[in-house]
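Colleague: Please find one structure pasted underneath; my questions will follow.
The values are calculated or read from the model by the stated rules, or taken from the named source; none is laboratory data. Because the structure is predicted, anything quoted here is derived from the model rather than measured. In this analysis, Cβ positions are derived from the backbone assuming ideal geometry, glycine residues included, and neighbour counts consider all displayed protein chains. Calculation scope for accessible area: heavy atoms of the full protein, side chains included, ligands and nucleic acids excluded. Shrake-Rupley method; radii C 1.70, N 1.55, O 1.52, S 1.80 Å.
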Amino acid sequence: MIASEGTARYTGRVHGRAVITWVGLWLLLLLPSCLPRAVKQDAPGGPEDMALAYLEAWARNDLGAQRQALVEVPADFDAQHARWRQGLGVTASRFEGLHLESEDDRVAVVTFRGVHSLRGLGDWAVESRLRFERKGKRWSLRWTPEVFHPEARVGDSFGRLRTWGPRAALLDARGAPLTVPGEVITIGAYPGRVRDGAAVANALQSQLGMDPQRIQAALKSAGAQPEQFLAFIDVRPERYQQVRAVLAPVPGIFFRKKTARLSPAEGFAAHTLGRVGEVTAEALHLLGHPYQAGDVVGLSGLERAQERALAGSPSGEVRLLRRSGEAVVLHRFEGAPGTPVRTTLRRDVQAAAEAALADVTRPAALVAVDTATGEVLAVASRPLGEALHRALTGRYPPGSTFKVVTAEALLASGVKPDTRVTCPVEVTAGPRRFRNFEAEAFGETTFRQVFALSCNTAFIQLSAKLGRNALEDAARRFGFGARYDVGLPSPGASFPPPGDDADRAAASMGQGRVLATPLHMATVAAAVDTGVWHAPRLLADAEEGPEARLSAGTPVALRDLMRAVVTDGTAKSAVGFQGLMGKTGTAEFGTALPPETHAWFIGLRGGMGFAVFVEGGGVGGRVAVPIATRFLQTLDAAAR
């Protein structure tokens, strides 16, 4: 076999057929002159040897060597080969099955099989022949277009068709499509017409929440041509009408209409479903065959992760185009339709999540999961104009929401909800002093009360009495450190073993080195409902991930504690929601004094665990809980 990488191979004759032999390969390495890369005028050998040399030159696209093998070189020999490669999109060729069909003193015919790789379609196998003439001791090739294909004649050319079938849809948990074809407006810019890059970036930030630094970086990119349209974001026609009056007057900003896949509403599960568009150079490199430049592919989210299933494979035809205009189909590539992918998302829950975050101006996330299965019912991230899917990939200190885990370890060690504990303003652990939020102190009270009011000092004192690995073991029971495949990238949660007393104290209240995604914290709340932690998953047909069982007897007590947070504690503003249980969190981060804080609330209600997170949002009970109440109000209203 002769391959496109141009590696020469020795062939011997067995029953009139050319075959590859390892012995021949070793002879080639020892005697490279046996098969030259150029076909010399005085080269010895029979028609099979000359055929092999010619095809090897063809495989490496060495037209100079090919010409040397010809009796007579057609005037457009090089041009015919260029048109053949370009018309068919040939990326590589290999040759095999050489066979001396006939030979006498003057003429010989060698048949062969050419296997040509066509960009974006696959391999096309062609049985053809080479006709040789003998002059003196040398055999030379009488070249005609039939070398390309037996049906080809002078004046013919080659072409192809390639089409993708309809892209399959992403489905919700009930099997209804989450995406449908529709019209969108692409908002972008021509770098050469931008007068003020900062003005463009600021306008897009104010109207669409886009990252101004990303916009300016794109405008200044070395690869950006002055008249190249840089697409920044696609919006629905109704959103376009809202922002056009502000964006249109900014020099450099332009708009284009196109057909796209639309979700049920603006921003609906935008980060999760992802977007579709013309393949980028980076995506083309990663996708490989059968993709080519100009194809429309999934660029983010599940559209990207499930590209192969949703897109299927393209169909195509290889055509011989006669001078008369007739098109003869030489070969058909049968494509495959895309396969719908069913997610675990519930429209009503997702819509409620989107409504809850509608007016949130800070980066935020809301995730809901089924407590019995770990299936993700809703997942939303903000801002929409930012690529980061913080609900799944953002990892943050969980703050006092982690006290659910610490409480499980304490309950397993014998602490009861009514156990008497103390809550001083400040305690010392190792070399560090720890204080309660806003210098609160509740004196001697119950474990239920310090959980409801989120007393840091009580938890630090209690966790100091736990066994060496008790806190780490409890974290593992809630999936910390577990690896799981959600369907999109998500790093889960980590709980590094505490190194000393101060580290243990910080970890007991979800600070220090403890990190978790909003998605993972939703599973923490969910585990309290069933007593089993389930790894989350977004795809209905995916295999179930790892799971872990909480300590015997702890789920009932944990539900008591989490209900107290709503009835008598830091989430009392949500007391009107019957059956709601939860835990607030105010997680410190950074080096500022006083420290900045993330706002958290994880909740449990009606077989659903959920987490609300606001990055740098402040106090969980004041910021995250109101978002949770809007989420539940919308969900309840939809159920009526």
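Colleague: For segment 561-600, just say rounded, prolate or oblate: build the C-alpha gyration tensor, square-root its eigenvalues into a ≥ b ≥ c, call rounded for a/c under 1.5, and beyond that prolate if a/b exceeds b/c, oblate if not.
Modeller: prolate
Colleague: Rg and Dmax of segment 458-567, using alpha carbons, in Å: what are they?
Modeller: Both quantities, over Cα of segment 458-567: 14.7, 45 Å.
Colleague: When P(r) over Cα pairs in 20 Å bins from 0, in percent is calculated directly from the model, which label among (i) 17, 34, 25, 18, 7, 0; (ii) 16, 47, 32, 5, 0; (iii) 18, 54, 26, 2, 0 fits?
Modeller: After the calculation, the listed value that fits is (i).
Colleague: So, one more: How many angstrom lie between the C-alpha centres of segment 149-214 and segment 565-640?
Modeller: Their Cα centres are 38 Å away from one another.
Colleague: Moving to a separate point now. Leaving ligands and nucleic acids out of the surface, order His99, His285 by accessible area at 1.4 Å, largest first.
Modeller: His285, His99
Colleague: Here is a further query. Taking the simple approach of a point 7 Å from Cα along Cα-to-Cβ for both Gln225 and Val109, what is their distance in nm?
Modeller: 4.9 nm
Colleague: For segment 119-186, what is Rg from Cα atoms divided by 2.2 N^0.38 Å, rounded to two decimals? Could the numbers behind the result be given before it?
Modeller: Working: Rg = 24.8 Å, N = 68, 2.2 N^0.38 = 10.9 Å.
Cα Rg divided by the expected 2.2 N^0.38 Å: 2.27.
Colleague: Show me 294-304, 344-354 ranked by packing, highest mean number of other Cβ atoms within 10 Å first.
Modeller: On the way: 294-304: 19.3, 344-354: 23.5.
With the highest mean Cβ count within 10 Å placed first, the list reads 344-354, 294-304.
Colleague: Is the C-alpha gyration tensor of segment 362-429 telling us rounded, prolate or oblate? Criteria: a/c under 1.5 is rounded; beyond that, a/b larger than b/c is prolate, otherwise oblate.
Modeller: Oblate, because a/c is 1.5 or more while a/b does not exceed b/c.
Colleague: For the chain, with all protein chains present and a 1.4 Å probe, just round the carbon and sulfur fraction of the accessible area to a whole percent.
Modeller: Numbers: 14560 of 28640 Å².
Accessible surface attributable to carbon and sulfur in the chain totals 51 percent.
Colleague: If contacts are Cα pairs under 8 angstrom and at least 6 residues apart, what is the relative contact order of segment 106-162 in percent?
Modeller: 27 percent
Colleague: Follow-up question, since we're still on this one. Going toward the positive end of the dipole of segment 318-395, with +1 on Lys and Arg Cβ and -1 on Asp and Glu Cβ, which of Val379, Ala358, Pro337 do you reach last?
Modeller: Highest projection toward the positive end goes to Pro337.
Colleague: Right, another one. For segment 278-351, what is the accessible area per residue in Å², given a 1.4 Å probe and the full set of protein chains? Before the final figure, lay out the partial values.
Modeller: On the way: 3680 Å² over 74 residues.
About 50 Å² of surface per residue is accessible.
Colleague: Translational diffusion coefficient, Stokes-Einstein: compute it for segment 238-343 using the Kirkwood radius over C-alpha pairs as Rh, at 10 °C and 1.306 mPa s, and state it as an integer in µm² s⁻¹.
Modeller: 93 µm²/s
Colleague: Keeping every protein chain in place, order Asp501, Asp78 by accessible area at 1.4 Å, biggest value first, i.e. largest first.
Modeller: Heavy-atom accessible area, descending, gives Asp501, Asp78.
Colleague: Please give the FRET efficiency for Thr419 paired with Val246, using the beta carbon to beta carbon distance and R0 = 56 Å, rounded to the nearest 0.05. All intermediate terms of the calculation are to be shown ahead of the outcome.
Modeller: Details: r = 59 Å, r/R0 = 1.06.
Calculated value: 0.40.
Colleague: Here is a further query. With the contact rule set at Cα under 8 Å and sequence spacing of 6 or more, what percent relative contact order holds for segment 297-362? Intermediate values should be presented prior to the final figure.
Modeller: Working: 65 pairs, mean separation 17.7, N = 66.
In percent, rounded to a whole number, it is 27.
Colleague: Next up: Averaged per residue, what accessible surface does segment 106-240 expose to a 1.4 Å probe, in Å²?
Modeller: So segment 106-240 comes to 48 Å² accessible per residue, rounded to a whole number.
Colleague: If you don't mind, another one. Pairwise over distinct Cα atoms, reciprocal of the mean inverse distance: report the Kirkwood radius of segment 61-173 in Å, one decimal place.
Modeller: By the Kirkwood definition, the hydrodynamic radius is 16.2 Å.
Colleague: Here's a follow-up. Taking Lys135 as the anchor, which lysines have their alpha carbon closer than 25 Å to its alpha carbon, excluding any fewer than eight residues away along the same chain?
Modeller: Lys40
Colleague: Give the Kirkwood hydrodynamic radius (Å, one decimal) of segment 148-238, defined as one over the mean of 1/r across all pairs of different Cα atoms.
Modeller: Mean inverse Cα-Cα distance, inverted, gives 17.6 Å.
Colleague: Here is a further query. For Lys416, what accessible surface area do you get with a 1.4 Å probe? Give it in Å², rounded to 10.
Modeller: 120 Å²
Colleague: In percent, how large is the relative contact order of the chain, given Cα pairs closer than 8 Å and 6 or more residues apart? Mind dumping the intermediate values first?
Modeller: Numbers: 1458 pairs, mean separation 67.3, N = 640.
This gives 11 percent for the chain.
Colleague: Among all the lysines, which ones have a C-alpha under 19 Å from Lys416's C-alpha, if same-chain residues fewer than 8 places away are not counted?
Modeller: Lys403, Lys465, Lys583
Colleague: Run the 1.4 Å probe and let me know the accessible area of Phe577, rounded to the nearest 10 Å².
Modeller: About 20 Å², ignoring ligands and nucleic acids.
Colleague: Shape of segment 534-640 from its Cα gyration tensor (a ≥ b ≥ c, root eigenvalues): rounded if a/c is under 1.5, otherwise prolate when a/b > b/c, or oblate?
Modeller: Rounded, because the longest to shortest axis ratio a/c is under 1.5.
Colleague: Also, I was wondering about something else. Order Arg323, Arg85, Arg67 by their accessible area, 1.4 angstrom probe, all chains in place, largest first.
Modeller: Arg323, Arg67, Arg85
Colleague: Let me ask something additional. Consider a paramagnetic label point 7 Å from the Cα of Arg435 along Cα→Cβ; state which residues of segment 589-621 have an amide N under 19 Å from it.
Modeller: Zone members listed by number: 589-598, 618-620.
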